[in-house]
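Beneath this line is the structure, given in structure tokens, with notes to follow.
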Amino acid sequence: MKIINSPQLNIMAATIKLSRVSDDFGFEATDGNGHVVKMDTSPESGGKDFGVRPMQMLLMGLAGCSAIDVISILKKQRQDVKDYKMVVNGDRQAGVEPSLWEDVNIEFHLYGDIDEDKAKRAAELSVDKYCSVAATLKKAGAGVNWQVFVHPAEEK
């Protein structure tokens with residue numbers, strides 16, 4: 001095994017371990033706390049639909065990151081969020097490798113007694129200031145757009 005030394009950076013570190021567990025492209029990635037995610041490539045590329053595609057996982061990470069921000073902000077503002085859903089759609093570059101996300105569209109769906117202006121501001125703060133995944137996508141050149149929908153608590 002070759003060990004490559006890199007300069008120490010003042011960053012938050014994470015360790016992910018990946019193992020092939022199913023056919024050629026079925027992998028499980030495990031974080032430092034033991035949480036496991038299954039990954040695979042598309043069937044068109046030889047995958048067996050064992051798990052999430054890695055690029056889709058990036059959009060899942062965006063949804064999770066932003067959801068944590070929005071809920072945290074709204075809780076501090078004493079907004080009564082009864083339920084929360086998101087839809088994230090993305091378009092990737094065509095005909096190039098690597099094929100990066102070009103456009104990402106986020107729908108925030110909040111249910112409860114929530115001030116719409118506060119909900120919009122929370123989403124804006126998340127996407128433009130706090131969410132590290134959104135910042136990563138933007139630095140890679142993706143457009144990240146969003147909309148907020150506030151629904152009564154009983155509507156789902």
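The values are calculated or read from the model by the stated rules, or taken from the named source; none is laboratory data. All of these numbers come straight from a predicted model, not from anything done at the bench. Reconstructed Cβ throughout: ideal geometry from the backbone, glycine too, with neighbour counts over all protein chains shown. Calculation scope for accessible area: heavy atoms of the full protein, side chains included, ligands and nucleic acids excluded. Shrake-Rupley method; radii C 1.70, N 1.55, O 1.52, S 1.80 Å.
Once the Cα-Cα distance is subtracted from the 0.36 nm per residue extended length, the Glu97 to Ile16 segment shows a gain of 26.7 nm.
Ligands, DNA and RNA excluded, the heavy atoms of Asp49 present near 100 Å² of accessible surface to a 1.4 Å solvent probe.
Would you mind telling me which residue in Gly32, Gly143, Gly51 has the biggest mean-square fluctuation in a Gaussian network model of the chain, where springs connect alpha carbons within a distance under 10 angstrom? Checking each option, the largest mean-square fluctuation is seen for Gly32.
Just from its helices, what would the mean residue ellipticity at 222 nm be for the chain, if runs of 4 or more DSSP H residues each count -39500 (n - 2.57) and the sum is divided by every residue, rounded to the nearest 500 deg cm²/dmol? Let's see the in-between values first.
Numbers: 3 runs with 41 residues, N = 156.
About -8500 deg cm²/dmol.
Taking 0.36 nm per residue of sequence separation and removing the Cα-Cα distance, the Met55/Ser42 pair yields an extension gain of 3.6 nm.
Summary of packing: across the peptides 41-47, 91-97, the per-residue average of other C-beta atoms within 10 Å ranks them, highest first, as 41-47, 91-97.
Take the residue pairs Lys17/Lys75; Lys48/Lys85; Lys17/Lys82; Lys85/Lys129; Lys76/Lys120 and return only those whose Cα atoms are more than 25 Å apart. Intermediate results must be reported in sequence, preceding the final value.
On the way: Lys17/Lys75 34 Å; Lys48/Lys85 29 Å; Lys17/Lys82 36 Å; Lys85/Lys129 21 Å; Lys76/Lys120 15 Å.
Over 25 Å Cα-Cα: Lys17/Lys75; Lys48/Lys85; Lys17/Lys82.
Counting only DSSP beta bridges whose two residues both lie in the chain, roughly 70 percent are antiparallel. Taking a sphere under 14 Å around the Cβ of Ser99 and counting the other residues whose Cβ falls inside, with K and R at +1 and D and E at -1, yields a net charge of -3. The average projected area of the stretch 18-156, computed from the convex hull of its Cα atoms over all directions, is 10.0 nm². Ile114 exposes around 20 Å² of accessible area when a 1.4 Å probe is run over every protein chain in place.
A 1.4 Å probe over all protein chains sorts Phe108, Phe25 by accessible area into Phe25, Phe108, starting with the largest. For the stretch 83-151 versus the stretch 46-61, the spacing of their alpha-carbon centroids is 19 Å. Applying a length cut-off of 27 Å (Cα extent along the axis) and a mean Kyte-Doolittle floor of 0.5 to the DSSP H helices of the chain leaves 54-76.
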